Structures are given as C-alpha cells and as structure tokens.
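Engineer: Take a look at the following structure, please.
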Amino acid sequence: MKMLFAHDHKFFYHPNGNIYSQVEFGYPMWDRYLHHFDTVKVCARVSAVQENQHIQKMNVSSGRRVSFVAIPDTNSPLKRLMNGRDAAAKLMTAIHDSDAIVARLPSTIGSMAIDLAIKYDKPWAVELVGDPWHSLWNYGSWKVKLYAPALTYRTKKQLSKSKFSLYVTQRYLQSKYPSLGETVACSNVNIPEVDVRFLTSRLQRIQQRRSKIIFGVIGSLSVKYKGVDTILSAFEKIRNDLPSFEIRILGNGDLKPWRQLAAARGLEKEAIFCGTLPGGEPVQRWLDDIDIYLQPSKTEGLPRSLIEAMSRGCPAIASTAGGIPELLDEEYLIQPGDDDALAKLILRLCDSADAQLQQAESNFHKATEYTSRILDEKRYGHYRSFLRYAKSYAVNKSGIPGVL
C-alpha cells in the first residue's frame, strides 16, 4: 500500500538529485513507515539548496521507496491567499494516488491533508508533536499570533475525530488535544541503546572540575520560542559570578539577529553559534563536550534534543513547557521566559559537583526509557494496526481486497 506523509517541514533539493533536511528527517526515519507500507510520499515544503548551505552538515532525506511532492508555503495569511489553491490542488492529486495518510501536526499542510482525506474518504492518522497554541503564540509575529486560535481549534477538532493518534508526550498533549481513537505515547527521538560508558565518562568529566564551563543548547534559530533569548538574558546577569564559560548554540537559522542580541548582552565572545550538524553521532559528540545542557523553551512537545543530552549524561536545566516535566525533576525547571530563575539555577548547579553528579545519573537512566528499541516497538504496533485498518477500509469500500 502507498502511504502519504504530510507536514510543514522544509526540505531542500540539490542538483545531485538528493533531498536534504537541516534537522531530523534523515532517510532512516522513513523506516518506521516502510516497515508497513510499500512506498512513502512526502508532501512538504521543498526549495533549492542555497549557496550558504553545506550539504555535508545536512541529513539526506531521499532514498529508495520515498518520493517528495513540493507543496507551496501557506504558513501566513498572505501566503495562504496566494498559494492556498495551488497547495490544495497538489495535495489532492497526491492523496488520490495514496492509500493511507499520516499527518504530522501542528502544521497547515498536515491539517489540509486531513481535511482532504476526509473529503475523499481516505484512511488517515495523526502524529501530534507539539502544542499549536503555544507554538504560534510564542513565534513572535503578531500576524502569526492571530492564527493561533484557529489552528488550535482545528487541531483539537481533527484529533477528536482521529482513529489513530500518536503523541510524543506521555500526558501533556493528550490532556489538551484528546482523541477517542487508538492512541500511543511515543517520542520521535532517535537514540541508540544507551551505553553505561557514556555515563562513566560524564561522571569523570564532572569530577575533573574543568576551568571553563561549556553550556549548550540545541534548537532552530529561525524561531523565537527555543529560549535562546532567555539564556542570553540570564548570563548577562551572572557573567561576573561564573568562571570562564562558553554558550554553544547548535541550530539552523539566520545568525545575524542572534549575534546582535548576544553582543547587546555583552556576550559576543562567550556565545558560540555552531550552525548545524547531521543527526546521530555528530550531535552526540557535540553533546559529549557540553557540561550543562539548557532548554528553556517557551513551547515544546517533548524535546528530542533534551532527551539526547540526557542520554549522554548531561546535567540539564529546562522550562516547564509542554512535556518537559515528564523528563526532569521539578527542582531543575523554570517557568518559560524566567531569566532570573534560570540565572539562579545555573549558579546553583555550577557550584555543586554533587548536584551535577546526581543529575547526570538521574538523566541518563531516564533517557533509557526513550531508546530506539523501545520506541520502535511502540511505533511498530501502532502502524501495524493502522495498516490493518487501511486494508480493511479498502475492502469495505470496493469489495476487492487492496483496492481503494
């Protein structure tokens, strides 16, 4: 059977014929669907690789049995007015040629795909990876904020109708966007089996009490809700109370406004913008050189990067956004945007090697609940049920097995 995957993620086409992604969505990710379906057609935003983008630092997304359909951008009122008709037409053609639809929400392309699947009587499933209200409300632009109530209502309505729903949190998103259908709680993080040697190495690093403290955060710099501004404000307050330090920031986006903000906070030398890295081992090595990981996001589903940091034994401080309280102890959480609380927690954690050692062990063991083996088993059962449903749907519609 042919599956369609719909999401707003932005992919990049290169003249070498490959499709790339700056974050996540490497080709191995499609295995979770290809285990069950013959092909996967990805409907998303696709544009040409820019001259300043280095494909060596990007994930190859294309490969055998996976194809891409470029859907025009509709992520603003003006773009919806200009591109909405063309986007719907391309999605409609792709859906007609598919047997089952998986829509990743929140996203306008995902929501459009669900509406069209319902209209043309195709089986569909949802993956909810974030809270649309907080994602849009904290995006920055007042025009985007105006769209938050509509997308939130639409997402709630679609989840309430969904027969198959995957949530990346254990409780948070389920409570806000409930579904009466078959559900599974399954993060979209992708970490291998956690090796105790990583923890041993981390504990030794903490006990060495290095002269320079390396802080790290991973998150897109093309949005304002990852809390990088909160981090810079916090360090402005305590820079004279800390030993030598660096703030390493890994993520895609326009660096110019962030460098300007860092300079305005007196942190132009300490704030190191690392660009992007392919997922997997390069990011893991980057995390191994971090002393304390920071994730003061203003909105989240369940942050993959935080779980990855925990799997390397990183002590961490984060906000209470989304499902983060499902990961960290309450004493290491702040309210989103509270730079004063973040500053105090940073000082407290830096001053106590014992606290770092204790949190390193706690975080490491919590991350073992999110290994690929455990999550793959959950996903496999969920999509096996969805495939069975899609096949029976085809029989019920046509009376001929496998025909829609």
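The values are calculated or read from the model by the stated rules, or taken from the named source; none is laboratory data. What you see is a predicted model, and the numbers here were worked out from it, not measured in a lab. Please note: Cβ atoms are built from the backbone with ideal geometry, for glycine as well, and neighbour counts cover all protein chains shown.
Engineer: I'm trying to understand the selection: among the residues of segment 62-116, which are among the hydroxyl-bearing types (Ser, Thr, Tyr) and either in contact with a helix residue (DSSP H, G or I) (Cβ under 6 Å, 6 or more places away or on another chain) or closer than 30 Å to residue 145 by Cα (or both)?
Structural biologist: First pass over segment 62-116, keeping only residues among the hydroxyl-bearing types (Ser, Thr, Tyr): 62, 67, 74, 76, 93, 98, 107-108, 111.
Of everything in segment 62-116, those that are among the hydroxyl-bearing types (Ser, Thr, Tyr) and either in contact with a helix residue (DSSP H, G or I) (Cβ under 6 Å, 6 or more places away or on another chain) or closer than 30 Å to residue 145 by Cα (or both) turn out to be 74, 76, 107, 108, 111.
Engineer: Which of (1) surrounded by fewer than 19 Cβ atoms within 10 Å (Cβ to Cβ); (2) of a type outside the set (Val, Ile, Thr); (3) in the same structural domain as residue 284 (by TED's automatic domain parsing) is the odd one out, the single condition residue 221 does not satisfy?
Structural biologist: It is condition (1) that residue 221 fails.
Engineer: Here's a follow-up. Only residues that are of a type in the set (D, E, K, R) and either more than 18 Å from residue 315 (Cα to Cα) or touching a strand residue (DSSP E or B) at 6+ places or on another chain (Cβ under 7 Å) (or both): list them for segment 189-236, please.
Structural biologist: The answer is 193, 212, 224, 226, 229, 236.
Engineer: Here's another thing I want to ask about it. Looking only at segment 305-342, how many residues end up being surrounded by fewer than 21 Cβ atoms within 10 Å (Cβ to Cβ), among the charged types (D, E, K, R) and in contact (Cβ under 8 Å) with a residue 12 or more places away in the chain?
Structural biologist: The number of residues fulfilling the criteria is 5.
Engineer: Ok, one more. Name the pairs whose Cβ atoms lie under 9 Å apart, with the first residue in segment 25-53 and touching a residue at least 60 places away in the same chain (Cβ under 8 Å), the second basic (Lys, Arg) and assigned to a strand (DSSP E or B), and 6 or more positions between them or separate chains?
Structural biologist: Filtered contacts from segment 25-53: 37/2; 44/10; 45/10.
Engineer: So, one more: Considering only segment 358-365, I want to know if a residue exists there that is surrounded by fewer than 19 Cβ atoms within 10 Å (Cβ to Cβ), out of contact with any strand residue (DSSP E or B) (no Cβ under 9 Å at 6 or more places or on another chain), more than 22 Å from residue 214 (Cβ to Cβ) and modelled with pLDDT of 95 or more. Spell out how you get there, then give the answer.
Structural biologist: Narrowing segment 358-365 to residues surrounded by fewer than 19 Cβ atoms within 10 Å (Cβ to Cβ): 358, 361-362, 365.
If we keep only those that are out of contact with any strand residue (DSSP E or B) (no Cβ under 9 Å at 6 or more places or on another chain) as well, we get 358, 361-362, 365.
Then keep just the ones that are more than 22 Å from residue 214 (Cβ to Cβ); that gives 365.
Still in the running and modelled with pLDDT of 95 or more: 365.
Within segment 358-365, one or more residues are surrounded by fewer than 19 Cβ atoms within 10 Å (Cβ to Cβ), out of contact with any strand residue (DSSP E or B) (no Cβ under 9 Å at 6 or more places or on another chain), more than 22 Å from residue 214 (Cβ to Cβ) and modelled with pLDDT of 95 or more.
Engineer: Now for a different question. I'd like to know if segment 21-31 contains one or more residues that are touching a helix residue (DSSP H, G or I) at 6+ places or on another chain (Cβ under 8 Å), at pLDDT 95 or above and not assigned by TED's automatic domain parsing to the domain that holds residue 280.
Structural biologist: Within segment 21-31, none of the residues are touching a helix residue (DSSP H, G or I) at 6+ places or on another chain (Cβ under 8 Å), at pLDDT 95 or above and not assigned by TED's automatic domain parsing to the domain that holds residue 280.
Engineer: Got at least one residue in segment 339-355 being out of contact with any Ser or Thr (no Cβ under 8 Å at 6 or more places or on another chain) and not in a helix (DSSP H, G or I)?
Structural biologist: Among the residues of segment 339-355, at least one is out of contact with any Ser or Thr (no Cβ under 8 Å at 6 or more places or on another chain) and not in a helix (DSSP H, G or I), which makes the answer yes.
Engineer: Let me ask something additional. Just give me the residues in segment 80-121 being buried (at least 21 other Cβ atoms within 10 Å of the Cβ) and touching a Cys at 6+ places or on another chain (Cβ under 8 Å), in sequence order.
Structural biologist: Within segment 80-121, 91, 94, 109, 113 meet the criteria.
Engineer: May I ask you to list the residues in segment 96-128 that are of a type in the set (A, V, I, L, M) and in contact with a strand residue (DSSP E or B) (Cβ under 6 Å, 6 or more places away or on another chain)?
Structural biologist: 100, 101, 102, 103, 105, 109, 113, 114, 117, 125, 126, 128
Engineer: Please name all residue pairs, on different chains or six or more residues apart, with Cβ atoms under 7 Å, provided the first residue is in segment 194-220 and is under 30 Å from residue 22 (Cα atoms) and of a type in the set (D, E, K, R) and the second residue is modelled with pLDDT of 95 or more and part of a helix (DSSP H, G or I).
Structural biologist: Close Cβ pairs (under 7 Å, with a partner that is modelled with pLDDT of 95 or more and part of a helix (DSSP H, G or I)) amount to 202/360.
Engineer: List the pairs whose first member sits in segment 252-270 and is surrounded by fewer than 18 Cβ atoms within 10 Å (Cβ to Cβ), whose second member is aromatic (Phe, Trp, Tyr) and not in a loop (DSSP other than H, G, I, E, B), and whose Cβ atoms are under 8 Å apart, counting only residues at least 6 apart or on separate chains?
Structural biologist: Once the first residue is surrounded by fewer than 18 Cβ atoms within 10 Å (Cβ to Cβ) and sits in segment 252-270, its partners that are aromatic (Phe, Trp, Tyr) and not in a loop (DSSP other than H, G, I, E, B) give 255/273; 259/273.
Engineer: While we're here: Starting from residues that are in contact with a Cys (Cβ under 9 Å, 6 or more places away or on another chain) and in a strand (DSSP E or B), keep the ones in segment 128-168 and report whichever is nearest to residue 306 (Cα to Cα).
Structural biologist: By that ranking, first place goes to 167.
Engineer: Hey, another quick one. Given (1) more than 23 Å from residue 292 (Cβ to Cβ); (2) in contact with a helix residue (DSSP H, G or I) (Cβ under 6 Å, 6 or more places away or on another chain); (3) in a loop (DSSP other than H, G, I, E, B), where does residue 184 come up short, assuming only one miss?
Structural biologist: (3)
Engineer: Only one residue in 206, 214 is modelled with pLDDT of 95 or more, assigned to a helix (DSSP H, G or I), assigned by TED's automatic domain parsing to the domain that holds residue 319 and under 25 Å from residue 250 (Cα atoms), so which one is that?
Structural biologist: Details: 214 fails: assigned to a helix (DSSP H, G or I).
Of the residues listed, the single one that is modelled with pLDDT of 95 or more, assigned to a helix (DSSP H, G or I), assigned by TED's automatic domain parsing to the domain that holds residue 319 and under 25 Å from residue 250 (Cα atoms) is 206.
Engineer: Follow-up question, since we're still on this one. Consider residue 123 against the criteria (1) modelled with pLDDT under 95; (2) over 20 Å from the mean Cα position of the chain (by Cα); (3) not basic (Lys, Arg): it satisfies all of them except one. Which criterion is unmet?
Structural biologist: Going through (1) modelled with pLDDT under 95; (2) over 20 Å from the mean Cα position of the chain (by Cα); (3) not basic (Lys, Arg) one by one, residue 123 breaks only (1).
Engineer: Select from segment 147-184 the residues that are crowded, with 20+ Cβ neighbours inside 10 Å, within 20 Å of the chain's Cα centre (by Cα) and of a type in the set (Gly, Ala, Ser) and list them in ascending order.
Structural biologist: Within segment 147-184, 165 is the sole residue that qualifies.
Engineer: Which residues, taken from segment 267-285, are charged (D, E, K, R) and more than 28 Å from residue 243 (Cα to Cα)?
Structural biologist: 281
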